[in-house]
Amino acid sequence: MSRERILDAAINRIAADGIDGVRIAKIAMDARVSTALVHYHFATREALLAEALVHSFDRAGEARTDTGEGLKEMIDQCLPLPGEQEQDWVLWVELWLRAVRHPELRPTAAQLYSRMHEWFREAIEEELPDADADATADRLLALIDGYGVRALLGDPAMPLERAREEIWASLAPVPAPQ
């Protein structure tokens, strides 16, 4: 389907060049479609970025289907490991930067965080039944974002293995409210 090819090409191009460096003509060329078709599907760069992020999240979500993986495996699936996960992280960073200046992207960011929160909340309820699942999921997402950015940037003090260890060590259950 041409729309999916456009989104895949946009993901690759945004990750490589950043949203400000992306040209619709280049995405069209990469997707082997006309620029008119890209404009037909996406009115603005922000719309293209938002859809590309949701598409990337959904594509990664296929790997995150309920296979019974535990929290440690889920954390690994959310760290900027080399390959597609690193590319997904670059897209997240692009979303964060754009959403600061373009409020129309904020609902996309909120939607994606909500989906991640729900995914983690369900696993936390299973693995840490005494924890406040919502608060623990919020803490976990904040830890993944913070440590993940440092690992993505290649901070020598925060290689991926250390990020993984720090996230897990910091994930003491948040007690449920009394």
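The values are calculated or read from the model by the stated rules, or taken from the named source; none is laboratory data. These numbers come from a predicted model, not from an experiment. Every residue, glycine as well, gets a Cβ built from its backbone with ideal geometry; the counts of neighbours run over all protein chains shown.
Can you tell which of Ala169, Ala151 is more than 30 Å from Phe42 (Cβ to Cβ) and buried (at least 18 other Cβ atoms within 10 Å of the Cβ)?
Values: Ala169 fails: buried (at least 18 other Cβ atoms within 10 Å of the Cβ).
Going through Ala169, Ala151 in turn, the sole match is Ala151.
Of the residues Asp76, Asp130, which is surrounded by fewer than 18 Cβ atoms within 10 Å (Cβ to Cβ), modelled with pLDDT under 95, among the charged types (D, E, K, R) and touching a Lys or Arg at 6+ places or on another chain (Cβ under 7 Å)?
Values: Asp130 fails: touching a Lys or Arg at 6+ places or on another chain (Cβ under 7 Å).
Result of the check over Asp76, Asp130: Asp76.
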* Looking for whichever is of a type outside the set (Phe, Trp, Tyr) and either closer than 30 Å to Pro159 by Cβ or under 11 Å from the mean Cα position of the chain (by Cα) (or both) here; the options are Val38, Val93, Val33. Which one fits? => Val93
* Unmet criterion (only one of (1) free of Cβ contacts under 8 Å to residues at least 40 places away in the same chain; (2) part of a helix (DSSP H, G or I); (3) surrounded by fewer than 16 Cβ atoms within 10 Å (Cβ to Cβ)) for Glu104 -> (1)
* Asked: If we keep just the residues of region 23-51 that are without any contact (Cβ under 8 Å) to a residue 24 or more places away in the chain and under 16 Å from Gln87 (Cβ atoms), which is surrounded by the fewest Cβ atoms within 10 Å (Cβ to Cβ)?
  -> Asp30
* Determine, yes or no, whether Pro80 is closer than 25 Å to Ile11 by Cα and out of contact with any helix residue (DSSP H, G or I) (no Cβ under 9 Å at 6 or more places or on another chain). => no
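Here is a check on your reading of the model: is Arg121 touching a residue at least 40 places away in the same chain (Cβ under 8 Å), among the charged types (D, E, K, R) and in a helix (DSSP H, G or I)?
On the way: touching a residue at least 40 places away in the same chain (Cβ under 8 Å): no; among the charged types (D, E, K, R): yes; in a helix (DSSP H, G or I): yes.
Taking the combined requirement at face value, the residue does not satisfy it.
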* Scanning for something aliphatic (A, V, I, L, M), in contact with a His (Cβ under 6 Å, 6 or more places away or on another chain) and within 21 Å of Met116 (Cβ to Cβ), does region 7-28 turn up at least one residue? -> yes
